[in-house]
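J.: Below you'll find the structure I mean.
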Amino acid sequence: MQPASSPSLSRMLGLLVLLASWVQLGLAQTYHLRKDIRGEGFYREFVWEDINDPTHGRVNYVDQQTSRAQNLTYATPDSFILRADSTNVVWGGRGRNSVRIRSREMFSNHVSIYDIRHMPEGCGTWPAVWTVGDNWPHGGEIDILEGVNDEGPNAATLHTSRGCTMPQGDSGHRGLRVLNNCDATVNGNTGCPVDFTGQNSYGPAFNRAGGGWYVLERTSSAIKIWFWSRNDPNVPWEVKTPRQTVTTANWGAPTAFFPDWSCNMNQFFGPHWIVINLTFCGDWAGNVYHQSNCPSNCIDFVDNNPWAFQDAYFDIANIRVYT
């Protein structure tokens, strides 16, 4: 028998390591640019949803014509603004004028990159960037950016029909088996949330840093969400600078990781639209309003203080979708 340090065995071990590296590279998925949405492109690629807010917010979602006329949406070559009315006191009706948009195209397995310079802030605000199917909660929901009342950090959350569970927090990387129930019909629709580690992932801290990038990768084996602040030295070049292809294997561990250990991705997540909206109060922001050291009560504050919503706007540089 040859000793463990023999050249033949060492050479064999080296070949095995090299083979493992080749296999890993072979499994790395390369995605190709399908949509590069910026500026006026948002008016072509999204539908304005002037609907009653499903989350019971103090909001009046307006149509595209009204949003343009009231300057609640406008575009430049490198920016799209979506904001709430910050001029008028609200008298009755559904609430403060704001905007909810939904992509015309639905996506399944893909990568989407959201380059956002500014997000809505202020007491009573509930901004979100998310994806959802056409028969909620069947078909699932993925919340990429979401929070309320300036309370950071960001939370990425899954909501599904009955039968999908996820490791608690970011325990997918820690080997723990404490599970959250993603079922939207139980636990007050808490879903399966992962709180990000950095306060600059949400609200005023995000805006002071000049914004950043949120990235979703959805596959049949996992849902991954990354966040990089604007001046983070670790932002992948292909996230920071638009490219025709991206390879997520080079990006390091995601900020939120949702594996398929106890949730069949193809069963619980169907084709999704991208949704961007800004609501107020409602089922989340309203219910925790007093815990956020905000004045008065949520509905009265939103109705009577238009000046408080001057910073309640999205400034989106672009959205890129790769398939």
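J.: Below 8 Å between Cα atoms, with a sequence gap of 6+, how large is the relative contact order for the range 173-256 in percent? Display every interim value, and only then the final one.
T.: Details: 81 pairs, mean separation 17.9, N = 84.
Relative contact order for the range 173-256 comes out at 21 percent.
J.: Which residue, TRP307, TRP228, TRP48, has the most motion in a Gaussian network model of the chain that connects Cα atoms within less than 10 Å?
T.: TRP307
J.: Residue by residue through the range 104-121, which ³J(HN,Hα) values in whole Hz follow from phi under the Karplus form 6.51 cos²θ - 1.76 cosθ + 1.60 (θ = phi - 60°), with glycine and proline marked x?
T.: Couplings: 6, 9, 9, 10, 10, 5, 5, 10, 10, 10, 10, 9, 10, 8, 8, 10, x, 9 Hz.
J.: State, to one decimal in nm, how far the label point of ASP232 lies from the label point of GLN29, with both points 7 Å from Cα in the Cβ direction.
T.: Distance between label points: 2.0 nm.
J.: Cβ under 11 Å from PRO306's Cβ, PRO306 left aside: what net charge do those residues give with Lys, Arg +1 and Asp, Glu -1?
T.: Around PRO306, the surrounding residues sum to -1.
J.: Taking Cα atoms, how many degrees apart are the long axis of helix 7-27 and the longest axis of the chain, rounded to 10 and kept between 0 and 90?
T.: Result, in degrees: 30.
J.: Pulled fully out, how much extra length does the chain show between THR245 and VAL288, if you take 0.36 nm times their separation in residues and subtract their Cα-Cα distance? List each step's numbers first, then the result.
T.: Numbers: separation 43, 0.36 × 43 = 15.48 nm, distance 4.17 nm.
Roughly 11.3 nm would be gained on extension.
J.: Once R0 is set to 35 Å, what does the formula 1/(1 + (r/R0)^6) return for the Cβ-Cβ distance between THR190 and TRP307, expressed as a FRET efficiency to the nearest 0.05?
T.: Working: r = 33 Å, r/R0 = 0.95.
Computed FRET efficiency for THR190 and TRP307: 0.60.
J.: Still on this model: Kindly sort THR323, THR255 by accessible area of their heavy atoms, largest first, with the probe set to 1.4 Å.
T.: Numbers: THR323 65, THR255 40 Å².
The residues order as THR323, THR255, largest area first.
J.: Taking N as the number of residues in the range 30-322, what value does Rg over Cα atoms divided by 2.2 N^0.38 Å take?
T.: Details: Rg = 18.1 Å, N = 293, 2.2 N^0.38 = 19.0 Å.
My calculation over the Cα atoms of the range 30-322 gives 0.95.
J.: Continuing with this model, one more query. On a full-extension model of 0.36 nm per residue, what is the gain between SER108 and LEU179, subtracting their alpha-carbon distance, rounded to one decimal in nm? Walk me through the numbers before you get to the answer.
T.: Details: separation 71, 0.36 × 71 = 25.56 nm, distance 2.49 nm.
Additional length available on full extension: 23.1 nm.
J.: So, R0 is 35 Å and r is the distance between the beta-carbons of ARG208 and ARG162; what FRET efficiency does that work out to, to 0.05?
T.: Numbers: r = 41 Å, r/R0 = 1.17.
For R0 = 35 Å, the calculated efficiency reads 0.30.
J.: If r is the Cβ-Cβ distance from ALA222 to ARG44 and R0 is 25 Å, what FRET efficiency results, to the nearest 0.05? Present the calculation step by step, with values, prior to reporting the outcome.
T.: On the way: r = 32 Å, r/R0 = 1.26.
For ALA222 and ARG44, the calculated efficiency is 0.20.
J.: How much of the accessible area of the range 186-323, in percent, comes from carbon and sulfur atoms when a 1.4 Å probe is used? Mind dumping the intermediate values first?
T.: On the way: 2640 of 5750 Å².
Ligands and nucleic acids excluded, carbon and sulfur give 46 percent.
J.: Right, here's the next one. Tell me, what ³J(HN,Hα) does each residue in the range 318-323 have, in order and in whole Hz, if you take phi through Karplus 6.51 cos²θ - 1.76 cosθ + 1.60 with θ = phi - 60° and put x for Gly and Pro?
T.: Here the 3J(HN,Hα) series is 5, 10, 10, 10, 10, 10 Hz.
J.: Can you tell me how much longer the chain between GLU151 and ASN135 gets when fully stretched, taken as 0.36 nm per residue apart minus their C-alpha distance, in nm with one decimal? Could the numbers behind the result be given before it?
T.: Values: separation 16, 0.36 × 16 = 5.76 nm, distance 2.99 nm.
Fully extending the segment from GLU151 to ASN135 adds 2.8 nm.
The values are calculated or read from the model by the stated rules, or taken from the named source; none is laboratory data. Given the structure is predicted, the values throughout are model-derived calculations rather than measurements. Because the Cβ atoms are built from the backbone with ideal geometry, glycine has one as well, and the counts that use them run over all protein chains shown. Surface accessibility is based on the protein's heavy atoms, side chains included, excluding ligands, DNA and RNA. Shrake-Rupley method; radii C 1.70, N 1.55, O 1.52, S 1.80 Å.
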